[in-house]
Amino acid sequence: MRENNKPTAITSVLHEKRVFPPTKGFSSRAHIKSLAQYRKLYNESIKSPDRFWAKQAKNELTWFKPWKKVLQWKEPFVRWFVGGQLNVSHNCLDRWLDTLTANKAALIWEGEPATDGKPGEERVLTYKQLHREVCRFANVLKRNGVHKGDRVLIYLPMVPEAAIAMLGCARIGAVHSVVFGGFSAQSVADRVFDSQAKLIVTADGGFRRGTVIPLKKNVDEALTLKAANGDLLAKSVEKVIVLRRANNEVHIAEGRDVWWHRELDYVDAECAAERMDSEAPLFILYTSGSTGKPKGILHTTGGYLLGVKLTHKYVFDIQDADVYWCTADVGWVTGHSYVVYGPLANGATSLMYEGAPNWPEPDRFWRIVAKYGVTVLYTAPTAIRAFMKWGTEWPGKHDLSSLRLLGTVGEPINPEAWIWYHETIGGKRCPIVDTWWQTETGGIMITPLPGAIATKPGSATLPFFGVVPEVVDDEGKPVPRNTGGKLVIRKPWPSMLRGIWGDPRRYKEVYWSEVKRSYFTGDGCRQDADGYYWIVGRIDDVLNVAGHRIGTAEVESALVSNQKVAEAAVVGRPDELKGQALVAFVTLKSGVKPDHAIRDELRQHVAKEIGPVARPDDIRFAETLPKTRSGKIMRRLLKQIASGTEIKGDTTTLEDFSVLAKLAQSEE
Ligand code: WT7
């Protein structure tokens, strides 16, 4: 039993001993019913991957043309289902049209509640309706000059049109690049430039906690931003399609901008799905790394779809009558794989919610669970810790008895939060699947299968089919059980990234050079005596703030792009709610005095350069940053300083690290 409801900071999971075996009731109805059944399938998937994946691809997907070869592996470049042809939108929509699923809800959408307290709007799209809307939008794309292989940037709020736009691209073979609505104009411009997108799909605005986020205005600004050489960053953009959502006033540039709803008048509802090569690019999604600008992670068609379909089916144990809700925004990979593609490929009902968990009140999620009878809920540990803080009275107001399975993703979950989720939300009856994966992996990699694998709070447990993880030391040798090391994946899997857009060298360098002959995840991990994996978090210079991945180098370069800043170093410190918080150590240019105004200015500056998610929690000013003799910033020392004592009341005092640095010098 728990003593109290207070969330504690991420505590060590080393001493966590509780085990929660699957219940008989759950297992007997699950797709995978026992550990033995899991092991049998897993062994098959490892021993004869070609046979295993050929069988799955045949059973799960509809192909226009069969593949010639299941897997072609020329490390680190992989091709799955070589020579095969299919279409993702066809597999998510058309294939259901002559089945009972045709009139089932594909998407249930709940809008953010209006500011006047009125309940949110509600929209339901059946598979048939969604198919129709996707075909119409695909025709709109074509009408506006988009061809197979062209890149389309999608910058939309969490509305059904986000899924429609993605599927519309997939239908005609255009490559989408979704940019989270919380990112800035600069981020949009950078991503257009990197991918050379031809068209942007956006909305006038999106709602967030009662305010309107001016998406179109950001796009307008993005289209004026210039690179260092004076060229427009977004000069590849020919057209902007604008969805009317918030009804805020926007500027429409004649000849360039068109309204989504007007365009629909010119198209019909028939659009054949393009025959796509199994390895044709499906989407690019930018994510932060430990150096430089975000990387455009590339996912392709056949392997990706098979991976997300299979994981969605088995990890969430999807059944016909489920109302499945993944709370992620489509701007993140979780939204791609587990709001849109995985669920629709399974003919499931996927719920989308536009707004925040605590707007207008902290019971918003639980109200939605009760309203629609949500059966499977997939959310982030950071949200769970926030719910704990807000108190049990909020979920307590609503009937949550429809829930049968809970999931988490994005960061390690501390056992306290796991237990709270299990008891308060799951009523002690719902298994929890703690799913480990990454933007790069496309789909879930390490996870319990809820009817088969006993769970332990804080562990993602065992690998999914076809996944061969290993915990290794700096030399790449496997470490003994119960020893920490680097998490690597030894064999290619269908939904893995195919590369970094336009940069094969960086792909090799970042993922395939740290540990020989392995994919390096960037995560630290430990395997316990039962073989369970316990992910401890990033071991590179990447932070996980409230489940969002933020590269410290990116924030540093945003800070130094401000004229007043001489130098900056960004590190993480543990945070009760967000897992990690961003602490920036800044030295100002000579003559500039630190004060609260500069501090606010810099925080704003980062929000503008990258987006509010990257805004530093603390900014601490220093005379100089502590450095090694060779001039490397002593990050380990800064981390200790950042997470050590509580932040001083006056954060604008200059801190002097020189003495500390000298002391630490000998240890580096
Ligand atoms: C990083 C990937 C995958 C979708 C959301 C984040 C951390 C993710 C877990 C988990 C411990 C986790 C890792 C990983 N992470 N899930 N269940 N337990 N850590 O995608 O932005 O690509 O971040 O999130 O550190 O490397 P992402």
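Remarks
- Residues of the stretch 462-478 that turn out to be touching a residue at least 24 places away in the same chain (Cβ under 8 Å) and part of a loop (DSSP other than H, G, I, E, B), as a count: 7
- Strands (runs of 3 or more DSSP E) completely within the stretch 167-275 that count 2 or more residues being at pLDDT 95 or above: 175-178, 199-203, 239-243, 257-259
- Residue tally, condition open to solvent by 20 Å² or more (accessible area, probe 1.4 Å) and under 14 Å from Y42 (Cβ atoms), over the stretch 454-489: 1
- Residues of the stretch 112-137 satisfying the condition of being modelled with pLDDT of 95 or more, in contact with a Lys or Arg (Cβ under 9 Å, 6 or more places away or on another chain) and either in a loop (DSSP other than H, G, I, E, B) or open to solvent by less than 10 Å² (accessible area, probe 1.4 Å) (or both): Y127, V134, C135, F137
- Selected residue (criterion: most open to solvent (accessible area, probe 1.4 Å)) from residues of the stretch 385-412 that are at pLDDT 95 or above and within 16 Å of the ligand (Cβ to nearest atom): V409
- All positions within the stretch 171-184 that are more than 19 Å from the chain's Cα centre (by Cα) and touching a residue at least 60 places away in the same chain (Cβ under 8 Å): R171, I172, G173
- If the condition is being open to solvent by 40 Å² or more (accessible area, probe 1.4 Å) and among the acidic types (D, E), then the stretch 25-75 contributes E44, D50, E75.
- Residue check for V333: within 16 Å of the ligand (Cβ to nearest atom) and under 27 Å from V124 (Cβ atoms): yes
- Every residue from the stretch 308-335 that is of a type in the set (D, E) and open to solvent by 20 Å² or more (accessible area, probe 1.4 Å): D320, D329
- Flag for V555 being at pLDDT 95 or above and within 16 Å of the ligand (Cβ to nearest atom): no
- Residues (open to solvent by less than 40 Å² (accessible area, probe 1.4 Å) and modelled with pLDDT of 80 or more) located in the stretch 634-668: M634, L637, L638, I641, A642
- The stretch 516-530, subset open to solvent by 10 Å² or more (accessible area, probe 1.4 Å) and farther than 26 Å from L305 by Cα, residue nearest to the ligand (Cβ to nearest atom): R526
- Within the stretch 521-533, residues that are hydrophobic (A, V, I, L, M, F, W, C) have Cβ atoms under 7 Å from residues that are assigned to a loop (DSSP other than H, G, I, E, B) and more than 14 Å from the ligand (Cβ to nearest atom) in these pairs: A529/R481; A529/N482, counting only partners at least 6 apart in sequence or on another chain.
Each row is one residue, and each column tells you yes or no for (1) more than 19 Å from H299 (Cα to Cα); (2) assigned by TED's automatic domain parsing to the domain that holds L305; (3) assigned to a strand (DSSP E or B).
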residue: R79; (1), (2), (3): no, no, yes
residue: N91; (1), (2), (3): no, yes, no
residue: D98; (1), (2), (3): yes, yes, no
residue: I108; (1), (2), (3): yes, yes, yes
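- Residues of the stretch 510-527 classified as more than 22 Å from R481 (Cβ to Cβ) and touching a helix residue (DSSP H, G or I) at 6+ places or on another chain (Cβ under 8 Å), total: 0
- In the stretch 413-431, residue farthest from L449 (Cα to Cα) [restricted to those that are open to solvent by less than 20 Å² (accessible area, probe 1.4 Å) and free of Cβ contacts under 8 Å to residues at least 60 places away in the same chain]: I425
- Here S513 meets each of (1) polar (S, T, N, Q); (2) touching a residue at least 24 places away in the same chain (Cβ under 8 Å); (3) open to solvent by 10 Å² or more (accessible area, probe 1.4 Å) with one exception, condition (2).
- Hits in the stretch 540-552 (condition: more than 9 Å from the ligand (Cβ to nearest atom) and under 25 Å from K456 (Cβ atoms)): A546
A quick yes/no check of all residues on (1) more than 30 Å from V70 (Cβ to Cβ); (2) open to solvent by 30 Å² or more (accessible area, probe 1.4 Å):
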site	(1), (2)
V242	yes, no
N247	yes, yes
W260	yes, no
E263	yes, no
E274	no, yes
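- Taking the conditions (1) over 28 Å from the mean Cα position of the chain (by Cα); (2) under 30 Å from R364 (Cβ atoms) in turn, V219 satisfies each one other than (1).
- Counting only strands (runs of 3 or more DSSP E) that sit completely within the stretch 530-597, those holding 2 or more residues that are under 17 Å from I633 (Cβ atoms) correspond to 542-545, 565-575, 579-588.
- Residue in the stretch 493-509 that is open to solvent by less than 50 Å² (accessible area, probe 1.4 Å), of a type in the set (F, W, Y) and not in a loop (DSSP other than H, G, I, E, B) present: yes
The values are calculated or read from the model by the stated rules, or taken from the named source; none is laboratory data. The structure presented is a predicted model; accordingly, all values stated were derived computationally and were not measured. In this analysis, Cβ positions are derived from the backbone assuming ideal geometry, glycine residues included, and neighbour counts consider all displayed protein chains. In case anyone asks, the SASA skips ligands and DNA or RNA and just uses the protein heavy atoms, side chains included. Shrake-Rupley method; radii C 1.70, N 1.55, O 1.52, S 1.80 Å.
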